[in-house]
Structures are given as C-alpha cells and as structure tokens.
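Presented below is the structure to which this report refers.
Every read-out reported here was derived from the displayed coordinates using simple, explicitly stated rules and does not represent laboratory data. No experiment lies behind these values; they were computed from the predicted model shown. Quick reminder, even Gly has a Cβ in these numbers, built from the backbone with ideal geometry, and neighbours come from all protein chains shown.
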Amino acid sequence: MIGVGAPFILGAAVFGALVTVVLHFLSVRRPRVLLLPTMRFLPDRPVRAVSRSARPSDLWLLLLRVAALLLAGIALSGVTWRGTGVKHGRVVVIQRGADTSVETLRTLVARAIADGFAADTVMRIVVVDSAVHLLNGAESKAFRADTISSRASTLPYAPSTLSSTILVATRSAAELVRDERTVDAVDLVIAGPLLRQSDDASLPAVRASWPGTIRFVVTQHDPGVVDSLVSLPYKRSVVLVGADASDAVRSALQARGWLNSARSDSVQSTTSPSQSAVAKKASASHPPIELEWPASGVPEGWTTSTPTTVGALVARGAVLVFPFVRTARIPDAIASRGRAIAWWSDGEVAAIEVPTATACTRHVGVNVPPSSDVLQGQASRALLHALAGPCGGEVDHTPIAAAELRTLEGTGSSAPASAFKSTTAARTPWAALLLAMALLLLIAEWMVRDRESRVDGVGAQSDDSLRKVA
Amino acid sequence: MGAMLDALRGVRWPARRPVAAGLPGAHRSRKRGTSGEFSEYRLYRQGDDPRRLDWKLLARSNRAFVRLTDDRALVPTWIVADASASLDFPTEETNARPTKWDLLRAIAIGLAAVAHSGADPVGLMVASGGGARLTPRTRRGTVREISRALYETRCVGASAISPLLAPISPNCRIVILSDLLGDFEDTLRTVSQLIAAGAQVDCVHVVAVEELDLPEGAWLAVDPEAAEVAPRALHRGARAEYRRAFDLFRAEAARRWRAAGAGYLEARTDASPARIVRHIASGAAGDLAADHSGVTEQNP
C-alpha cells in the first residue's frame with residue numbers, strides 16, 4: 001500500500017504536470033513556413049501565431065518536464081510503500097488511581113487484549129498512574145498488576161487528567177505508527193473512572209489535537225479505597241510527629257479542632273449534623289495526616305542552612321507575610337519523592353508532602369516562634385488548610401456527565417495514521433535519489449530545449465526551404 | 001502538351017495594327033507596295049514611280065493617279081518568360097498543382113506554335129540567371145526548341161525583365177509572361193518606350209489560384225525571391241487585408257499596362273492554356289472582358 005506524507009505537494013506536482021501537458025497542446029509557436037510570392041501584400045505583423053494541434057508539440061520536452069515534475073513531487077511529498085496487508089492500530093489507555101484496584105486493572109487489560117486480539121489489529125496498552133506504563137506484546141498478555149506496582153511510580157489519589165491521558169495516547173500512537181508501517185488508522189480507547197477532576201482547562205484544545213474519535217470506558221470505583229479516600233466528606237485530622245512542635249503551631253491546630261493529639265480520636269470539625277454517620281465511618285478508615293513541623297531545627301532528612309530572614313510564605317495561592325527565619329533546605333532526593341505544598345517567597349520549597357502506605361506525611365521547614373500569633377489570624381488560613389488538607393490535594397470525584405463524554409468522543413472515524421507521521425519521519429531514503437533523478441531530467445530538458453531552440457529560433461530563418469530559395 | 005497544340009491548330013494571330021515593312025507575310029503592312037491586292041488610288045506626286053500610274057484612268061479622266069496596293073509582311077514575335085522563383089508556386093507545402101510556371105510554359109509554347117503556324121519568326125527570352133535566348137526563327141523545329149528550353153528552365157532567384165526588353169527592335173511583337181512581382185516599374189517604362197516606337201506588346205499576368213485563396217491554417221509567409229525580408233504571419237485575421245491589397249495591386253497593374261498601350265490579360269492557374277492562347281491571338285477585339293474561366297483580357 002502506498003502512503004503519502006504530504007498529499008498537497010504531490011497534488012501540486014500532478015497539477016503542474018497537467019498544466020505542462022495542456023501548454024504543449026496550446027503552445028504559441030512559429031507556424032510552418034510557406035513560400036508565398038505575394039507575401040508583400042500581407043500586413044506586417046509579428047511572425048508568431050497561435051498554433052493548436054491535436055498532438056502535443058515537442059514530445060521529448062514534454063516527457064522530460066512531466067517526469068521531472070512528478071519525480072520531484074513524489075520525493076518531496078514523502079510517498080512511502082507500506083507493503084501489503086493493511087493493519088488497524090489501537091491504543092488503550094487505562095487511567096489508574098488509588099480507587100482502581102488491581103482486579104479492576106487486570107480486568108481492563110484482559111478486556112482490551114480480548115477486544116484487540118485480531119490478526120489485523122496492532123495494539124498498545126498504556127497504564128497511567130503517577131507514571132506511564134507501556135505494555136508491549138507479550139508483556140501485556142502476561143500482565144500482572146504487581147509488574148506495574150513494582151515500577152517506580154505511586155498511585156495518585158485521583159487519576160491523571162484527560163488532557164495528559166490524550167497526550168500520552170498521542171505519543172503512543174505515533175510510536176505505534178512508526179513501528180508498524182502497515183497501520184492505516186488508530187483507535188483510541190480511554191478506560192478509567194473519568195472523574196470531573198480529570199477535566200481541566202486544556203482539555204478542549206488537547207482533544208482537538210487527536211484527529212479521530214475516542215471511545216471512553218467508565219470503570220467501576222473500588223468501594224473500599226474510594227470510601228476511605230475520596231467519596232466521604234474529608235475530615236481534617238492532623239498528628240504532629242517528629243520533634244516537638246511549636247506551641248504556636250499546636251495552638252493554631254487546636255483552635256481549629258484539627259489536632260489529633262492521641263492519634264486515635266482526632267478532634268474533627270463536621271460541617272453538618274446530618275453527616276455524623278458518614279463522619280464516623282470516615283474516622284474509622286481514614287488515618288490522620290502526619291505533620292512534622294519542628295519548633296526549631298530542621299525536619300528529618302532536611303539540611304541545615306545559614307539562617308536567613310524570608311518575608312513571606314505562599315500556599316494555595318495565598319501569601320502569609322511574616323519575618324520568618326529559614327534555617328532548613330529540602331534536599332533534591334526528598335523533593336523528588338513528594339509534592340510541594342508551600343513555598344518561600346523566593347520560590348524555594350517550604351513544605352512537602354510525601355505519600356505513605358496509608359496516607360501521607362508533611363514536612364514543614366518553617367520555624368515559628370513559640371510566642372508568635374502569626375498562625376492565629378486569617379492570614380495563616382490558607383497555609384494551615386494546605387497542611388491539613390487531604391493527601392494529594394483536594395479533588396473532585398464527581399463523574400463526568402454522559403453528554404460531555406459524548407461530546408469528547410466526537411464523530412467520524414478513527415484517526416488516520418498519516419496524522420501521526422512527522423515530516424521528517426515521512427522522508428524515505430529514496431527522496432534524495434528521486435530528487436537527483438529529477439535534477440538530471442531538468443538538465444536533459446535544458447539540453448534538448450537548447451538544441452531545439454538553435455533549430456527553431458533564429459535558425460528558422462534559414463531552414464531548408466529558405467536555403468533552397470537562396 | 002500535344003492536346004493543347006491540337007486545340008490551337010488553325011488559330012491565327014494577326015497583328016493588331018499594320019506592321020512595318022518586312023519580308024512578305026500574313027500581316028498587313030504599313031508599306032504600300034505593288035502586290036496584286038488593290039487598296040486605293042492616289043494623285044501622282046513627283047517622285048512616284050511612273051510604272052505605278054494607272055494609264056487607263058489617266059486616259060479616261062486626264063488626271064494622273066497612282067495605283068496603291070496593300071503589302072503583307074511578317075512580324076517577328078518575342079516571347080519573354082519570367083522564370084523567377086516566385087513562378088514556382090504553389091510549392092510542395094500546399095500540394096497544389098499546376099504551378100504558375102506550368103501555366104506560363106504552356107502559354108508560351110502555345111503562342112510560339114500559333115505564331116510559327118502563321119509563318120512568323122518566333123523567339124524566346126527567359127528572364128532568369130542564365131536564361132535561354134532563342135532568336136526569332138521560322139524554320140521547322142523552332143517550337144520544339146522553345147519547348148525544350150522552357151522545360152530545362154528552373155525558376156530560381158529574382159529576375160529582371162526590363163534589361164531583356166531594351167535591345168529588342170520595336171518592329172516586332174512582344175508577349176511578356178510574368179507574375180509582375182519583379183521589376184514592375186522598370187518593365188512598364190521599357191514597354192512604354194517600345195510601344196511608342198511601334199512595338200506591339202501583350203502582357204500575360206500569371207496568377208495562382210492559391211494566391212487569391214490562401215491555404216488554410218497558420219503559416220509563416222516567406223518571400224522566395226527575398227530571403228532577407230522578414231517573414232510575415234499568415235493567419236485568419238490577415239487574409240482579408242491581404243486579399244484587399246492583392247486585388248488593388250492587380251487592378252492597378254491592369255490599369256497601368258492598358259494606359260501604356262499594351263494588352264493585358266490575367267491568367268489564373270485554373271484556366272485552360274489553350275483558351276488563354278486563343279484570347280491572346282484574338283486580342284484585336286479590344287474590349288476588356290472578364291472571363292470566369294480564369295482569364296481576364298484587355299486590349300487597347
């Protein structure tokens with residue numbers, strides 16, 4: 001099967017060839033010579049006249065020009081031979097969050113394999129959690145959840161956004177098309193809980209970049225994990241760990257009712273009495289957040305730095321102005337494992353969240369003077385909410401509406417494989433050869449034209465007839 | 001050619017006016033001689049030959065009259081053929097026949113045969129490089145010599161007719177066969193002088209039908225006699241303009257030759273040569289007559 005990387009270039013070349021052919025039929029040229037004794041009675045006009053013929057003029061020139069145009073067009077348009085036997089491509093992207101159990105994931109992969117198990121289908125399975133796992137061929141067939149779990153990734157509390165999922169799919173499709181040259185179109189299947197959280201501002205633009213329809217498969221939530229992490233109203237519960245916290249910190253958390261001093265029955269604030277039953281269930285399965293906020297010194301693993309005064313802290317987009325003294329810096333090794341939740345005003349990380357097996361631990365490298373009331377006012381509200389908030393940030397776990405999903409699916413057919421080929425990748429080793437041949441043909445055309453112009457041009461004055469007359 | 005000569009058998013070609021004195025022939029001479037064909041009486045003048053006095057009339061009327069009789073003389077005939085390259089038309093490109101030269105040659109041979117049958121000496125001059133020149137003779141085989149000379153002639157280059165006419169004696173008959181595309185003015189000037197001196201001149205203007213109706217299609221017209229002249233385009237738009245100019249030229253040529261006192265006849269290549277020769281031989285009719293068969297004749 002023949003594929004064309006840039007059809008418009010090939011079309012332009014074919015159009016140019018057609019125009020050349022037409023011009024050879026309609027060319028304005030010197031007509032035949034007639035020895036006319038009464039020529040003096042003809043009006044003295046230019047000697048060129050339109051001569052239309054049923055046959056093309058200058059057949060060799062026509063062939064050379066058309067061949068050069070077509071060769072150059074083929075070379076520049078990236079015509080490729082993809083062999084016989086067209087195959088269909090399919091990219092299955094599975095969003096995996098903390099609410100996606102291993103069994104659900106295994107079921108999804110098995111279904112994707114079963115759907116794509118056809119001789120003419122080439123499939124890529126991609127599992128996206130906090131990292132991207134590409135399952136190739138045999139690996140996907142012998143899928144084991146612990147294979148993915150053993151890789152350097154962690155389960156996010158919410159699946160990745162649809163934008164990033166589509167981008168992953170686009171890249172995977174490009175690799176699929178590059179590896180399998182006989183693929184003519186690519187299907188995209190996205191499986192996951194498809195939560196409202198997955199919809200971000202860039203989704204419309206990213207969706208438009210996928211040149212085909214998308215099939216969405218909404219997966220079931222894992223009740224155990226979901227209930228404990230997501231579904232219930234979140235109850236802030238903080239346990240101070242590590243070195244002794246500052247009295248200012250302790251009092252600020254206590255004042256808000258978030259401090260769980262006994263680690264078992266945290267002080268919780270409910271939003272409404274009607275939710276008391278839910279809150280009880282949450283308290284049973286929802287471990288408190290560990291907060292390491294030493295009154296002096298540095299959190300465990302942090303490095304001590306020269307004390308410098310920094311005038312402000314930034315958290316959740318709000319600024320807390322205070323003459324803080326910075327005595328600790330977070331090393332890169334820890335920073336890469338966690339998620340920054342507060343920053344110094346110069347951009348350095350001031351607090352970080354590191355996931356644990358059940359929840360997360362937050363390390364804060366901000367020294368608050370024991371007698372300070374900086375954490376008591378409204379200005380510190382954003383910082384404390386960030387520190388006591390749910391692990392992984394606050395997420396919206398409402399499913400995306402069915403109508404919106406239909407809009408995202410789009411109409412039409414699968415994405416053509418040509419859409420995933422870059423111009424560079426479309427070029428073949430034959431392009432240079434074809435261009436060289438086109439150049440040679442143009443040189444030959446010039447030589448033929450030059451030879452004929454010697455005969456037809458000025459030499460027309462002295463052709464055989466005129467020589468006979470002379 | 002034999003068919004044409006058969007068709008011209010018995011045709012006579014009398015001189016249009018009395019010819020100068022010469023050897024006895026078939027044409028009325030300006031000289032009043034002593035032949036047996038009585039013409040008129042004239043009073044005797046001093047110096048007249050007394051032997052020509054009509055003695056019986058003198059006896060009856062007591063007046064002296066001289067008996068005058070008409071004299072008959074021969075008239076030498078020159079056939080001047082234009083053999084320039086322009087006569088070789090139509091060329092092979094248009095696949096048309098006959099050419100102007102074919103018609104001219106047939107007319108020349110026919111006129112020579114007619115003149116020779118009238119016992120007039122007939123000669124030939126071909127206006128081309130190295131053209132033949134045969135002095136007027138009456139001997140047997142003259143027509144054949146003229147015919148051979150014409151068949152051996154090739155139409156090449158440009159030729160001038162007036163230099164050939166200059167040495168010709170005015171006491172003869174001259175037939176110019178040409179397409180008049182050469183030295184038109186010089187020829188007409190020389191002819192005028194000859195006519196003033198008493199010569200009888202006829203002009204046969206040979207015109208090809210293809211010159212009147214140019215071949216279809218686009219052509220690059222080249223003058224066969226002047227290769228240095230820039231070619232001109234022959235296309236649909238130029239045809240009407242060409243025909244208008246060519247008709248004007250032909251009409252002007254006829255008018256000027258007539259005004260000079262010469263006979264003028266336009267012969268087209270689709271006309272019968274024998275018919276054209278008959279027209280020339282009977283030129284004494286005098287009036288302009290348009291013939292749809294391709295002959296346009298005018299005699300003064």
Exercise. Sticking with the crude label model, points 7 Å out along Cα→Cβ, report the distance from A:R207 to A:T398 in nm, one decimal please.
Key: 1.7 nm
Exercise. Go through B:L43, B:V191, B:A132 and say which Cα lies farthest out towards the positive end of the charge dipole of chain B; charges sit on Cβ, +1 for Lys and Arg, -1 for Asp and Glu.
Key: B:L43
Quiz prompt | FRET efficiency estimate (nearest 0.05) - Cβ-Cβ, A:R32 to A:A432, R0 45 angstrom | solution = 0.50
Quiz item: Based on the Cβ-Cβ distance of A:A357 and A:V86, what FRET efficiency does E = 1/(1 + (r/R0)^6) give at R0 = 56 Å, to the nearest 0.05?
Solution: 0.70
Quiz item: Got a sec to turn the phi values of segment A:429-442 into Karplus ³J(HN,Hα) couplings, 6.51 cos²θ - 1.76 cosθ + 1.60 with θ = phi - 60°, whole Hz, x for Gly and Pro?
Solution: x, 6, 4, 5, 5, 5, 5, 5, 5, 4, 5, 4, 5, 5
Quiz item: In nm, what is the difference between 0.36 nm times the number of residues separating A:T308 and A:R215 and their Cα-Cα distance?
Solution: 28.0 nm
Exercise. Sort the following peptides by mean Cβ neighbour count (other Cβ atoms within 10 Å, averaged over residues), highest first: B:79-89, A:175-185.
Key: B:79-89, A:175-185
Self-check item: Given charges at Cβ of Lys, Arg, Asp, Glu: segment B:50-108 dipole, positive-most of B:I79, B:L68, B:I107
Solution: B:L68
Practice problem: Tell me, rounded to the nearest percent, the portion of alpha carbon pairs in chain B spaced more than 34 Å apart. | Solution: 29 percent
Quiz item: For the residue pair A:D179 and B:R258, what label-to-label distance in nm results when each label sits 7 Å from Cα along the Cα-to-beta-carbon direction?
Solution: 10.4 nm
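If R₀ is 35 angstrom, what is the calculated FRET efficiency for the pair A:F15 and A:R171, using the beta carbon separation as r and rounding to 0.05? Show your work: numbers first, answer last.
Numbers: r = 35 Å, r/R0 = 1.01.
Computed FRET efficiency for A:F15 and A:R171 comes out at 0.50.
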Quiz item: Sequence-distant or interchain residues sharing an amide H contact under 5 Å with A:A191, placed H: which?
Solution: A:V93, A:I94, A:Q95, A:V217
Quiz prompt | Relative contact order of chain B, defined on C-alpha pairs under 8 angstrom at six or more residues apart (%) | solution = 18 percent
Exercise. Write down Rg/Rh for segment B:107-233, rounded to two decimals, with Rg from the C-alpha atoms and Rh from the Kirkwood relation over Cα pairs.
Key: 1.02
Quiz prompt | Separation of alpha-carbon centers, segment B:129-191 and segment A:324-392, rounded to whole Å | solution = 128 Å
Quiz item: Using modelled backbone amide H atoms (1.01 Å from N, in-plane), which distant-in-sequence or interchain residues come within less than 5 Å of A:A328's amide H?
Solution: A:S305
Self-check item: B:R63 paired with A:L439, simple spin-label distance in nm, labels 7 Å along Cα-to-beta-carbon
Solution: 11.7 nm
Quiz item: Can you give the charge dipole size of chain B about its Cα centre, rounded to the nearest 20 debye, using +1 on the beta carbon of Lys and Arg and -1 on the beta carbon of Asp and Glu?
Solution: 2040 debye
Quiz prompt | Modelled label reach - B:A226, point 7 Å along Cα→Cβ, segment B:247-270 residues with backbone N closer than 18 Å | solution = B:247-250, B:253
Quiz item: Any idea what the relative contact order of segment B:117-247 is, in percent, if you count C-alpha pairs under 8 Å spaced at least 6 apart?
Solution: 17 percent
